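In what follows, a structure is listed as structure tokens, so that the remarks can point back to it.
The values are calculated or read from the model by the stated rules, or taken from the named source; none is laboratory data. Remember, predicted model here, so these are calculated numbers, not experimental data. Positions of Cβ are backbone-derived with ideal geometry, glycine not excepted, and every protein chain shown enters the neighbour counts.
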């Protein structure tokens, strides 16, 4: 036993596949898509994006943490969804944050986009009617406010920080949590990420930069469920999505001493910066990130049983990730799953949700399929395209890459 090793004691997620975690997992294994028509706002006829991965509404659920008056002050959906995943992950862990424990509980639960929807709504009202923003507008838009609200809700008073690395935010949150445990700055860390980026100018901006999925010019609209297709020869960009995921880490000695169950740990990790381009990934630094995470886990590439890929379904991104994996693994590249084919791209929350799907796969010895796949001769990859596959998994690599050249890779280990 490594007393400071980060073990995973609880987790929960909400994604376009549903609210209940086990139901989402069942849908993922069945190859169901959470992508459908965009209804979060009403797009104009000439709006370039018509589809999205939207999560179900949760207002019918009891929210002791966001009563109606409180909800009015925190209108951005990031808060209620984040706090719900935190509550349920804590319940799963059986951990109680007492006043005595609170100073040793850190928070790295973050967001890549934050509550920009609230300040954009305030701007529209100011422009159209001269209505001054409500006092809650700026706090909703503070990028670190999710972390702060998690602290206020749970009473945790240990180190708190927002680990914002664009679409790698969820994995970076866990890596930072593991660092805090290793440095004895905390006994428990509430990690994860939430993002609700289905806001008109953000979605349109992804389209104008050729990132978001748009149908081929002159071709009829496709079934939304078929639009997200990582590693596929007919991939056309990512489907903008939303969601939230919470992962609770604890030092192994603390977990044992407090009778907290665990069977997964963080084996190794790496973070690198491309120093190359604001959105296009760079092969050398992506490859190094993958390789370093495996080495720091004390493993050789052949010891990995599976890879949960970043795989946003962009032409350049998927090719660089494949080339990096091939450079590290050679002819022994294990099965590679791409969960974004099922749920779209939930920005910073994507790697948190996908990590939780990885945990469930390691638990059950199953890999969910990568749907909508058509082989690309430039990317000869086993991406579990035939349907769910039974694979015993002791070590799994999770990749996450973000705008600005933020790379974060982590190896999860199943403790036998």
task: Mind listing whichever residues of segment 94-112 are surrounded by fewer than 24 Cβ atoms within 10 Å (Cβ to Cβ) and in contact with a strand residue (DSSP E or B) (Cβ under 9 Å, 6 or more places away or on another chain)?
output: 94, 95, 97, 101, 104
field: Filter result (closer than 24 Å to residue 62 by Cβ and loosely packed, with under 14 Cβ neighbours inside 10 Å) within segment 21-46
entry: 22, 23
message: Just checking, does segment 215-232 include any residue being surrounded by fewer than 24 Cβ atoms within 10 Å (Cβ to Cβ), under 22 Å from residue 167 (Cα atoms) and modelled with pLDDT under 95?
response: no
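Which one of these is in the same structural domain as residue 352 (by TED's automatic domain parsing) and modelled with pLDDT of 95 or more: 253, 312? It would help to see each step written out before you state the result.
Numbers: 253 fails: in the same structural domain as residue 352 (by TED's automatic domain parsing).
Of the residues listed, the single one that is in the same structural domain as residue 352 (by TED's automatic domain parsing) and modelled with pLDDT of 95 or more is 312.
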field: Complete set of residues in segment 235-264 that are touching a helix residue (DSSP H, G or I) at 6+ places or on another chain (Cβ under 9 Å) and at positive phi
entry: 237, 243
field: Set 305, 223: member being more than 21 Å from residue 402 (Cβ to Cβ) and in the same structural domain as residue 94 (by TED's automatic domain parsing)
entry: 223
query: How about segment 78-190: which helices (runs of 4 or more DSSP H) wholly inside it have at least 3 residues that are closer than 20 Å to residue 265 by Cβ?
result: 169-182
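Might you check whether a residue that is free of Cβ contacts under 8 Å to residues at least 60 places away in the same chain, over 24 Å from residue 180 (Cβ atoms) and surrounded by fewer than 17 Cβ atoms within 10 Å (Cβ to Cβ) occurs anywhere in segment 47-56? Let's see the steps before the verdict.
Residues of segment 47-56 free of Cβ contacts under 8 Å to residues at least 60 places away in the same chain: 56.
Next, only the ones that are over 24 Å from residue 180 (Cβ atoms) stay: 56.
Next cut, surrounded by fewer than 17 Cβ atoms within 10 Å (Cβ to Cβ) only: 56.
Checked against the condition, which is being free of Cβ contacts under 8 Å to residues at least 60 places away in the same chain, over 24 Å from residue 180 (Cβ atoms) and surrounded by fewer than 17 Cβ atoms within 10 Å (Cβ to Cβ), segment 47-56 yields at least one hit.
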message: Checking the structure you have, find out if any residue of segment 273-280 is surrounded by 20 or more Cβ atoms within 10 Å (Cβ to Cβ), farther than 24 Å from residue 382 by Cβ, in contact with a helix residue (DSSP H, G or I) (Cβ under 9 Å, 6 or more places away or on another chain) and not assigned by TED's automatic domain parsing to the domain that holds residue 113.
response: yes
- prompt: Tell me, which helices (runs of 4 or more DSSP H) wholly within segment 299-368 include 1 or more residues that are surrounded by fewer than 24 Cβ atoms within 10 Å (Cβ to Cβ)?
  reply: 315-329, 350-364
Segment 181-192 residues that are in the same structural domain as residue 100 (by TED's automatic domain parsing) and on the phi > 0 side of the Ramachandran plot, paired with ones that are surrounded by fewer than 22 Cβ atoms within 10 Å (Cβ to Cβ) and modelled with pLDDT under 95 (beta carbon under 8 Å, 6 or more apart): 184/4
Those residues of segment 33-46 which are touching a helix residue (DSSP H, G or I) at 6+ places or on another chain (Cβ under 7 Å) and assigned to a loop (DSSP other than H, G, I, E, B), in sequence order: 33, 34, 41
